[in-house]
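Notes follow once the structure below has been shown.
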Amino acid sequence: MHVKNLVESRAKLGGRWDKMLTQGKIIAHQILGDPQYKIRKLVLETDIAERALPGQFVHIQVAKGLDPLLRRPFSIADMDPKAGTITLLYRIKGKGTEILAQALVGETLSVMGPLGTGFTIPEEGELILVAGGIGSFPLLPLAKAAQEKKIPCKFYWGGENIGFFNSAGLELWEKREIPVFLSSLDGSAGVKGNALDLLNEELLGEKALGRDFQGQALKGYSAALCGPQGMLKSVCHVLLDAGADVEVSLEERMGCAIGACLGCVCTLQDETGKVYRGKVCTDGPVFKGKEVLWDYEG
């Protein structure tokens, strides 16, 4: 990490720097569903709950020592300002999350947050939520916020199989009485296929009947996407073509999470067509879908 970049990043954050670094007390930490899917629910007592917005994330020091040295980013799946808690849902994938999974109730963790730019909460129209795999986690607070504003929303979720959905928080969506449409790779839940197959069958096919699909089928709709990049790219293009106002939450490896290390840059294009590099940790993780250049090689 360049010292100059770190100093500049801290300067931009100003007085928020000290407020973002806090301690989170673990008040719940449990396995969700079938242990084979390695999904955990972690609830922290922290003042971050008072400031967090849908789509933002926290950066957690998972080890007591220096191995691993870097913190790990986690999307905020729920925030309860009254209780003073945030909920993180995560899947054990590597050394960092394996260590975090051993943390016990009553322990404290060093937490930075809330970080990043979150989703736009629509003021009108309808909201389409699309996730691939554990990309569902950061969409939960957005759905909650939309419901509080009386904005109708539907959730389209692509995953491995029925066991995965049951272990990744399907009941959390059902409790909010949000219409959920599923697609599974093995056909055990909903449409057989991926998230794009699901949209084509359950949403776009119906909307396009007897209408000019290009720019009209989803005019007046907002859409929020999160998941693997391949899924984001294909779904984003289709929804933009159908006229929706699309936002995407990008998943990238992060080092510092404050814009100093330049380890999570992405390529974007502004309204004038100018191409520039953005930082997922500070400029995002949420971006306008029309701004992202998925295959830029310049």
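The values are calculated or read from the model by the stated rules, or taken from the named source; none is laboratory data. Since the model is a prediction, treat every value here as computed from it, not as a measurement. Backbone-built Cβ (ideal geometry, glycine too); neighbour counts: all protein chains shown. Please note that ligands, DNA and RNA were not included when accessible areas were found on the heavy atoms of the full protein model with its side chains. Shrake-Rupley method; radii C 1.70, N 1.55, O 1.52, S 1.80 Å.
Please count how many residues of segment 141-174 are outside any helix (DSSP H, G or I) and closer than 22 Å to V58 by Cβ. Quick ask: steps written out before the conclusion?
Filtering segment 141-174 down to residues outside any helix (DSSP H, G or I) leaves 149-161, 168-169.
Filter again for closer than 22 Å to V58 by Cβ, leaving 168-169.
The qualifying residues number 2.
Taking E271 as the residue in question, decide whether it is open to solvent by 50 Å² or more (accessible area, probe 1.4 Å), in a loop (DSSP other than H, G, I, E, B) and either touching a residue at least 12 places away in the same chain (Cβ under 8 Å) or out of contact with any helix residue (DSSP H, G or I) (no Cβ under 9 Å at 6 or more places or on another chain) (or both). Walk me through it before giving the result.
Working: open to solvent by 50 Å² or more (accessible area, probe 1.4 Å): yes; in a loop (DSSP other than H, G, I, E, B): yes; either touching a residue at least 12 places away in the same chain (Cβ under 8 Å) or out of contact with any helix residue (DSSP H, G or I) (no Cβ under 9 Å at 6 or more places or on another chain) (or both): no.
Against the criterion (open to solvent by 50 Å² or more (accessible area, probe 1.4 Å), in a loop (DSSP other than H, G, I, E, B) and either touching a residue at least 12 places away in the same chain (Cβ under 8 Å) or out of contact with any helix residue (DSSP H, G or I) (no Cβ under 9 Å at 6 or more places or on another chain) (or both)), E271 does not qualify.
Rundown of residues vs (1) within 27 Å of C266 (Cβ to Cβ); (2) surrounded by fewer than 20 Cβ atoms within 10 Å (Cβ to Cβ); (3) without any contact (Cβ under 8 Å) to a residue 24 or more places away in the chain; (4) in contact with a Lys or Arg (Cβ under 9 Å, 6 or more places away or on another chain), yes/no style:
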position: S188; (1), (2), (3), (4): no, yes, no, no
position: K192; (1), (2), (3), (4): no, yes, yes, no
position: G205; (1), (2), (3), (4): no, yes, yes, no
position: L218; (1), (2), (3), (4): yes, no, no, yes
position: G227; (1), (2), (3), (4): yes, no, no, no
position: S234; (1), (2), (3), (4): yes, yes, no, no
position: L239; (1), (2), (3), (4): yes, no, no, no
position: E247; (1), (2), (3), (4): yes, no, no, yes
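Among (1) touching a residue at least 40 places away in the same chain (Cβ under 8 Å); (2) at negative phi; (3) open to solvent by 30 Å² or more (accessible area, probe 1.4 Å), which single condition is L262 missing?
Unmet for L262, out of (1) touching a residue at least 40 places away in the same chain (Cβ under 8 Å); (2) at negative phi; (3) open to solvent by 30 Å² or more (accessible area, probe 1.4 Å): (2).
Check whether at least one residue in segment 102-118 is without any contact (Cβ under 8 Å) to a residue 40 or more places away in the chain, open to solvent by 30 Å² or more (accessible area, probe 1.4 Å) and in a loop (DSSP other than H, G, I, E, B), and report yes or no. If you could, list the steps in order and put the result at the bottom.
Filtering segment 102-118 down to residues without any contact (Cβ under 8 Å) to a residue 40 or more places away in the chain leaves 102.
Then drop every residue that is not open to solvent by 30 Å² or more (accessible area, probe 1.4 Å), which leaves 102.
Then drop every residue that is not in a loop (DSSP other than H, G, I, E, B), which leaves 102.
Within segment 102-118, one or more residues are without any contact (Cβ under 8 Å) to a residue 40 or more places away in the chain, open to solvent by 30 Å² or more (accessible area, probe 1.4 Å) and in a loop (DSSP other than H, G, I, E, B).
Please state which of the following conditions I128 fails to meet, knowing it meets all the rest: (1) within 24 Å of Q30 (Cβ to Cβ); (2) touching a residue at least 40 places away in the same chain (Cβ under 8 Å).
The one condition I128 does not meet is (1).
For residues that are part of a helix (DSSP H, G or I), closer than 18 Å to G220 by Cβ and not charged (D, E, K, R), tally how many sit in segment 237-249.
Here is the first cut: in segment 237-249, the ones part of a helix (DSSP H, G or I) are 237-241.
Of the ones still in play, those that are also closer than 18 Å to G220 by Cβ are 238-241.
Those left that are additionally not charged (D, E, K, R): 238-240.
So the answer is 3.
Could you please find all residues in segment 274-298 being assigned to a strand (DSSP E or B) and buried (at least 18 other Cβ atoms within 10 Å of the Cβ)?
The answer is G278, K279, P285, V286, F287, V292.
Pick out, from segment 1-96, the strands (runs of 3 or more DSSP E) lying fully within it that include 1 or more residues that are modelled with pLDDT of 95 or more, open to solvent by less than 20 Å² (accessible area, probe 1.4 Å) and of a type in the set (V, I, T). Give the derivation first.
Details: elements: 21-31, 39-45, 57-60, 72-75, 78-80, 85-91.
It comes to 21-31, 39-45, 57-60, 85-91.
When you go through L69, L104 one by one, which is the residue that is of a type in the set (A, V, I, L, M, F, W, C) and within 16 Å of Q30 (Cβ to Cβ)? Steps first, please.
Working: L69 fails: within 16 Å of Q30 (Cβ to Cβ).
The unique qualifying residue is L104.
Taking the condition of being among the charged types (D, E, K, R) and in contact with a strand residue (DSSP E or B) (Cβ under 7 Å, 6 or more places away or on another chain), how many residues in segment 49-79 meet it?
The initial filter retains those residues of segment 49-79 that are among the charged types (D, E, K, R), namely 50-51, 64, 67, 71-72, 78.
Remaining after also requiring in contact with a strand residue (DSSP E or B) (Cβ under 7 Å, 6 or more places away or on another chain): 51, 71-72, 78.
Residues in segment 49-79 being among the charged types (D, E, K, R) and in contact with a strand residue (DSSP E or B) (Cβ under 7 Å, 6 or more places away or on another chain): 4 in total.
Which residues, counting only those in segment 261-289, are of a type in the set (K, R) and within 18 Å of the chain's Cα centre (by Cα)?
Here is the first cut: in segment 261-289, the ones of a type in the set (K, R) are 274, 277, 279, 288.
Across segment 261-289, the qualifying residues are K279, K288.
Before we move on, is K150 open to solvent by 50 Å² or more (accessible area, probe 1.4 Å) and on the phi > 0 side of the Ramachandran plot? Let's see the steps before the verdict.
Numbers: open to solvent by 50 Å² or more (accessible area, probe 1.4 Å): yes; on the phi > 0 side of the Ramachandran plot: yes.
It is true that K150 is open to solvent by 50 Å² or more (accessible area, probe 1.4 Å) and on the phi > 0 side of the Ramachandran plot.
Could you please give the count of residues in segment 119-140 that are outside any helix (DSSP H, G or I), buried (at least 24 other Cβ atoms within 10 Å of the Cβ) and within 14 Å of the chain's Cα centre (by Cα)?
Qualifying residue count, segment 119-140: 7.
Within segment 181-218, work out how many residues are among the aromatic types (F, W, Y) and either modelled with pLDDT under 95 or assigned to a helix (DSSP H, G or I) (or both). Before you say what the answer is, go through the steps one by one.
Filtering segment 181-218 down to residues among the aromatic types (F, W, Y) leaves 181, 213.
From what's left, either modelled with pLDDT under 95 or assigned to a helix (DSSP H, G or I) (or both): 213.
The qualifying residues number 1.
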